[in-house]
Amino acid sequence: MRGRQVRSFLVILGITALVWLAMALSESHEYSLPVKVRFSGYDAKRYVVVHIDTSLILKVEATGFNALFYSLRREPMTVQLDMNSEAVYRYAHRRGEVTDLYRSVAVNDLSSQISSQLYSLGIHYGGSAKDSLQLVLNERASRTYIPDLEALRINFSDGYGLYGEPQVTPGVVTLYGPRDVLDTIDRIGVKPVVLNKVLQSGTFIVSLDATWRQAGDVYSSVDAISVYIPVKRFIERRFSVPVTVAGDDSTHDLRLYPDHVELNVWVAQDELATVSADRFTVSASYDDIRSGLQRLKLCVSRFPRNVRIRSVNPSEIEYVVIK
């Protein structure tokens, strides 16, 4: 009988405690609530962060239940500050020189954002122990480079070839870092890439060769570039072209053997009608004659921009000077 009375007493005591706890947690109280602060929208490669506020203590009013649930969250609430949408930075001056970019955001200006986020959690915003949030940046030195495509290899399908020049985007890459380190970096190349059996124009993403990172604390404006490869189908054509002598002083009569050569070229298929023999010039140099060379080397000194020269036959000719 006595044991049953004790058990009943304990049950009643437990129920009473639970009711009291529920009533206590249902009442609103003032709390100090920690939240995270995250700055975004600034170029972390271009700037060194000198100071950044990453947390904020808010004064709030909430029931015990809501405060308990908030404390059990895996991550506290985050206040997002997008610097692209904020007012411009102010420059901090030290001894007459610009040293830092300084941005201060009043917490009062964030009231709507904070209140909205807290309201969804059943918590009412009452203010902050801090008046402002600050971000201070220091600009790194910079140097620009034109990407070097030497390591990019393009193997075209039979009958196809490059039409014009590859187009690189962005055309300039910027490195940020200590000035003395940047001065040791002469070029930026791409990682070795082989494009096989290319038969149509297209854009390819090519990663930069980041060996320059070994030089120290250096960052690149981009990690990869896009390369547009203009491609066309080419048709082989042969033309008989007269040989001219560049620099001829016309004081002597020259006889060239032969005086015409066969020029083997590739012409873009859709431009065949626009290419004729008179658009080419094959020439030798009169300087070679003055030097007493027995055979003159030939070069194609004029030709349509997008034609590919395959061969000149013969590549050297003989001559006779008649006084």
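The values are calculated or read from the model by the stated rules, or taken from the named source; none is laboratory data. Given the structure is predicted, the values throughout are model-derived calculations rather than measurements. Here the Cβ positions follow ideal geometry from the backbone for every residue, glycine too, while neighbour counts run over all protein chains shown.
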Which condition breaks for E165 when tested against (1) under 27 Å from V267 (Cα atoms); (2) at pLDDT below 90; (3) under 18 Å from the mean Cα position of the chain (by Cα)? (3)
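If we keep just the residues of the stretch 273-296 that are in contact with an Asp or Glu (Cβ under 8 Å, 6 or more places away or on another chain) and surrounded by 11 or more Cβ atoms within 10 Å (Cβ to Cβ), which is farthest from G247 (Cα to Cα)? Write out each step before concluding.
Pass one, the stretch 273-296, residues in contact with an Asp or Glu (Cβ under 8 Å, 6 or more places away or on another chain): 286, 294-296.
Checking the rest, the ones that are also surrounded by 11 or more Cβ atoms within 10 Å (Cβ to Cβ) come to 286, 295-296.
Values: Y286: 5, R295: 16, L296: 13 Å.
Across the stretch 273-296, the extreme among qualifying residues is R295.
Among the listed residues I154, I185, I123, I225, which satisfies the condition of being surrounded by 13 or more Cβ atoms within 10 Å (Cβ to Cβ), of a type in the set (A, V, I, L, M, F, W, C) and modelled with pLDDT of 95 or more? Working first, answer last.
Details: I154 fails: modelled with pLDDT of 95 or more; I185 fails: modelled with pLDDT of 95 or more; I123 fails: modelled with pLDDT of 95 or more.
I225 is the lone residue from the list that is surrounded by 13 or more Cβ atoms within 10 Å (Cβ to Cβ), of a type in the set (A, V, I, L, M, F, W, C) and modelled with pLDDT of 95 or more.
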Tell me whether the stretch 283-292 contains one or more residues that are at pLDDT 90 or above and of a type in the set (F, W, Y). no
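Only residues that are in a strand (DSSP E or B) and over 20 Å from A268 (Cα atoms): list them for the stretch 290-323, please. Even if it seems obvious, please write down each step before you answer.
Kept after step one, since they are in a strand (DSSP E or B), are these residues of the stretch 290-323: 295-297, 299-302, 308-313, 316-322.
R295, L296, K297, C299, N313, E316, I317, E318, Y319, V320, V321, I322 - these are the residues of the stretch 290-323 that are in a strand (DSSP E or B) and over 20 Å from A268 (Cα atoms).
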R310: under 20 Å from E236 (Cα atoms), among the charged types (D, E, K, R), at pLDDT 90 or above and under 40 Å from the mean Cα position of the chain (by Cα), yes or no? yes
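Kindly provide the set of residues from the stretch 149-172 that are in a strand (DSSP E or B) and charged (D, E, K, R), ordered by number. Show your work before the answer.
Filtering the stretch 149-172 for residues in a strand (DSSP E or B) gives 152-156, 160-162, 167-169.
Listed by number, the list holds a single entry, R153.
Residues are listed down the side, and each one gets a yes or a no for (1) in contact with a strand residue (DSSP E or B) (Cβ under 9 Å, 6 or more places away or on another chain); (2) outside the structural domain of T211 (by TED's automatic domain parsing); (3) under 28 Å from P304 (Cβ atoms); (4) not in a loop (DSSP other than H, G, I, E, B):
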{"position": "Y102", "(1), (2), (3), (4)": "yes, yes, no, yes"}
{"position": "S112", "(1), (2), (3), (4)": "no, yes, no, yes"}
{"position": "L121", "(1), (2), (3), (4)": "yes, yes, no, no"}
{"position": "G126", "(1), (2), (3), (4)": "yes, yes, no, yes"}
{"position": "K130", "(1), (2), (3), (4)": "yes, yes, no, no"}
{"position": "L133", "(1), (2), (3), (4)": "yes, yes, no, yes"}
{"position": "T174", "(1), (2), (3), (4)": "yes, no, no, yes"}
{"position": "T184", "(1), (2), (3), (4)": "no, no, no, no"}
{"position": "K197", "(1), (2), (3), (4)": "yes, no, yes, yes"}
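Restricting to the stretch 133-147, count the residues that are in contact with a helix residue (DSSP H, G or I) (Cβ under 6 Å, 6 or more places away or on another chain) and either over 30 Å from P192 (Cα atoms) or among the acidic types (D, E) (or both).
Kept after step one, since they are in contact with a helix residue (DSSP H, G or I) (Cβ under 6 Å, 6 or more places away or on another chain), are these residues of the stretch 133-147: 141, 143.
Restricting the remaining residues to those that are either over 30 Å from P192 (Cα atoms) or among the acidic types (D, E) (or both) gives none.
So the count comes out to 0.
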